């Protein structure tokens, strides 16, 4: 793989999403905290699935969604993540490759099945997730693709990996490899509960290894135990090279040293399903970043990509993002 | 199972659909006849899947879609079909049960995997299908659920079953069982190519065993080798008790003895994907029929259910069909 042949390599959980519509009463009855991601074991996954309505299966995974978005924008990406050699693993492998992303992590041949995330979408377009990590926790340092990491301008890590010990090790090894090759390391905090589980080590990690941090308002407030967004914003300044903070309908704030940009959210006719909004913001941002765009434009591309994905069911883009972006950016 | 405890029991191929968007050039390159269903073997299924874009998996199968539609309308249904005990089989079982349909056909524990249908949707909303029948051809007379057949007002069979010898036998046995219990037998012709493959035996079957025939214009013309719809219409009269003939945007014609009804298609804002239109027309029609509605109203309910399913991606209803129907029927 030639130097600079990839824009971004993503490392994350390889997950197939199972989406179904539901209501608040179901979430309450099943004790699922609305809007968040809960980790579940195999038994609970079976129980919850049995109670769930008819589903739609689509490949997911936070970093994998970001890479699929990057590819839809015209970027060149790679993905590292672990599936089992089962039917859901075959679906994940097919879909990520079909978007144009390089994926060559070998599938596990025994152990737990491919990870799945049960996603409950309520009428207010919120998504509540219950993830059975299955084979994805088998990802370890040996699965890292040193050639891809060296070839990619940015190595993008999802915070969810921190939940599995071997993956956490792989995560740190990837960050080291990227920096040794003179590359940038980006991290998405993934989820406020994930931040809560790993707050101290995340703060340390970000200070020591992360160049570009993606977080939404809840995550960044949780990370710094800040009472409001402004305090979190002050706390994150200087903590890493770039921080891109998303705030749903309130848009995003991008910080880099003394540089500050406030980006409006892109208007959406109807928000159908917010699954993947953060993942696609990161995709758009990194697409701009790896093309040398200014940080304001990176944020705007992120906002357009996020707007597309929340206007339909599912966490990967459906519309031709590359054309959308060039039209929107030309419109100014 | 108490007498009359079910409205309809459907017998058909138990299939998981894999939907992706594509263009005419892809169909031509892959030699797929646009708008039709082609049967493929395991090797070709793998090859085609590898060439296909990122997919969305949803439970499908023609009769199974009809039963899911019936359940969404508030009807009580059962389904008989064969999956393998694999992940796709688990998805099929979950989804059909989650719609409220009774499904208890045991899964095959060896042999071919669960059937899948690769569905290529073009921008003109047409769907072109390539089906790998897998485990579904293992359905045989032993899998019939005599209790369900006796309990259901209508036994609904899909023409596609005629492609597998054991399923064909099951099909005939089910028709006999239904009639012995004083029940009605309905058949959907499924596909013009399917009709071509089995024309003579279909004509014989319909004359001898079928009370209610569902067919679209192409299928009924193929069945009677008629040059136009009018000739097919004359040919089908008297051939079975009721014939419900669908004509896409031109609506439907329902014939029963001397009775003739012409039903307009229900207007649709935007046709997104015609997959499932015929299946949902049958669902609506049978829902009305099993409630004792007149044939004109049966056709109208069918038209509303079909309109819903073509206005989105996928072959099973998303909107609350029961409410839609009562609103539309009240509006007159």
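The values are calculated or read from the model by the stated rules, or taken from the named source; none is laboratory data. This structure is a prediction, so every number in the text was calculated from the model and none was measured. Neighbour counts are summed over all protein chains in view; Cβ atoms, including those assigned to glycine, are modelled from backbone coordinates with ideal geometry.
In the stretch A:64-83, which residues are within 24 Å of residue A:162 (Cα to Cα) and within 10 Å of chain B (Cβ to nearest Cβ)?
The answer is A:68, and nothing else.
Sort through B:299, B:257 and tell me the only one that's over 24 Å from residue B:95 (Cα atoms) and surrounded by fewer than 21 Cβ atoms within 10 Å (Cβ to Cβ).
B:257
What are the pairs, 6+ residues apart or on separate chains, where a residue within the stretch B:285-302 that is under 21 Å from residue B:250 (Cβ atoms) has its Cβ under 6 Å from a residue that is modelled with pLDDT under 95?
Final answer for the pair search is B:301/B:325.
Residues checked against (1) out of contact with any helix residue (DSSP H, G or I) (no Cβ under 8 Å at 6 or more places or on another chain); (2) outside any loop (DSSP other than H, G, I, E, B); (3) within 25 Å of residue A:23 (Cβ to Cβ):
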{"residue": "A:286", "(1), (2), (3)": "no, yes, no"}
{"residue": "A:293", "(1), (2), (3)": "no, no, no"}
{"residue": "A:299", "(1), (2), (3)": "no, yes, no"}
{"residue": "A:305", "(1), (2), (3)": "no, yes, no"}
{"residue": "A:326", "(1), (2), (3)": "yes, yes, no"}
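Assuming residue A:136 fulfils every condition listed in (1) crowded, with 21+ Cβ neighbours inside 10 Å; (2) without any contact (Cβ under 8 Å) to a residue 60 or more places away in the chain apart from one, which condition is it?
(2) is the only condition that residue A:136 fails.
Are any of the residues in the stretch A:6-27 within 12 Å of chain B (Cβ to nearest Cβ) and more than 18 Å from residue A:127 (Cα to Cα)?
The answer is no; no qualifying residue exists.
Quickly run through the stretch A:49-63 and pick out the residues that are away from every other protein chain (no Cβ under 11 Å) and in a helix (DSSP H, G or I).
Here is the first cut: in the stretch A:49-63, the ones away from every other protein chain (no Cβ under 11 Å) are A:60-63.
Selection gives A:62, A:63.
Could you figure out which of (1) within 27 Å of residue B:249 (Cβ to Cβ); (2) surrounded by 23 or more Cβ atoms within 10 Å (Cβ to Cβ); (3) touching a strand residue (DSSP E or B) at 6+ places or on another chain (Cβ under 8 Å) isn't true of residue B:121?
(2) is the only condition that residue B:121 fails.
If you check residue A:4 against the conditions, is it touching a helix residue (DSSP H, G or I) at 6+ places or on another chain (Cβ under 9 Å) and not in a helix (DSSP H, G or I)?
Here the answer is yes, as residue A:4 does meet what is asked.
If you go through the stretch B:84-93, how many residues are at the interface with chain A (Cβ under 10 Å from one of its Cβ atoms) and touching a residue at least 60 places away in the same chain (Cβ under 8 Å)?
3
For the stretch B:29-48, which residues satisfy the criterion of being away from every other protein chain (no Cβ under 14 Å) and either without any contact (Cβ under 8 Å) to a residue 24 or more places away in the chain or assigned to a loop (DSSP other than H, G, I, E, B) (or both)? First the steps, then the outcome.
Looking only at the stretch B:29-48, we keep the residues that are away from every other protein chain (no Cβ under 14 Å), and these are B:29-41, B:43-44.
Selection gives B:29, B:30, B:31, B:32, B:33, B:34, B:35, B:36, B:40, B:41, B:43.
Please find, among B:26, B:79, the residue that is touching a helix residue (DSSP H, G or I) at 6+ places or on another chain (Cβ under 8 Å), part of a helix (DSSP H, G or I) and touching a residue at least 12 places away in the same chain (Cβ under 8 Å).
Exactly one of B:26, B:79 is touching a helix residue (DSSP H, G or I) at 6+ places or on another chain (Cβ under 8 Å), part of a helix (DSSP H, G or I) and touching a residue at least 12 places away in the same chain (Cβ under 8 Å), namely B:26.
Would you point out which residue out of A:272, A:309 is assigned to a helix (DSSP H, G or I), within 14 Å of chain B (Cβ to nearest Cβ) and touching a residue at least 60 places away in the same chain (Cβ under 8 Å)?
A:309
Only one of these conditions is not met by residue A:96: (1) crowded, with 22+ Cβ neighbours inside 10 Å; (2) within 10 Å of another protein chain (Cβ to nearest Cβ); (3) over 25 Å from residue A:325 (Cβ atoms); (4) touching a helix residue (DSSP H, G or I) at 6+ places or on another chain (Cβ under 7 Å). Which number is it?
Unmet for residue A:96, out of (1) crowded, with 22+ Cβ neighbours inside 10 Å; (2) within 10 Å of another protein chain (Cβ to nearest Cβ); (3) over 25 Å from residue A:325 (Cβ atoms); (4) touching a helix residue (DSSP H, G or I) at 6+ places or on another chain (Cβ under 7 Å): (3).
Taking the stretch A:266-290, which residues are within 20 Å of the chain's Cα centre (by Cα) and surrounded by fewer than 18 Cβ atoms within 10 Å (Cβ to Cβ)? Don't jump to the end; show me each part of the working.
Quick first cut of the stretch A:266-290, residues within 20 Å of the chain's Cα centre (by Cα) only: A:266, A:271-290.
Hits for the stretch A:266-290 are A:271, A:272.
Go through the stretch A:313-332 and give me each residue that's surrounded by 18 or more Cβ atoms within 10 Å (Cβ to Cβ) and within 14 Å of chain B (Cβ to nearest Cβ). Give the steps one after another, and end with the answer.
Of the residues in the stretch A:313-332, the ones surrounded by 18 or more Cβ atoms within 10 Å (Cβ to Cβ) are A:313-317, A:321, A:324-325.
Across the stretch A:313-332, the qualifying residues are A:313, A:314, A:315, A:316, A:317, A:321.
If you scan the stretch A:99-124, which residues turn out to be without any contact (Cβ under 8 Å) to a residue 60 or more places away in the chain, outside any loop (DSSP other than H, G, I, E, B) and within 14 Å of chain B (Cβ to nearest Cβ)?
Result: A:103, single match.
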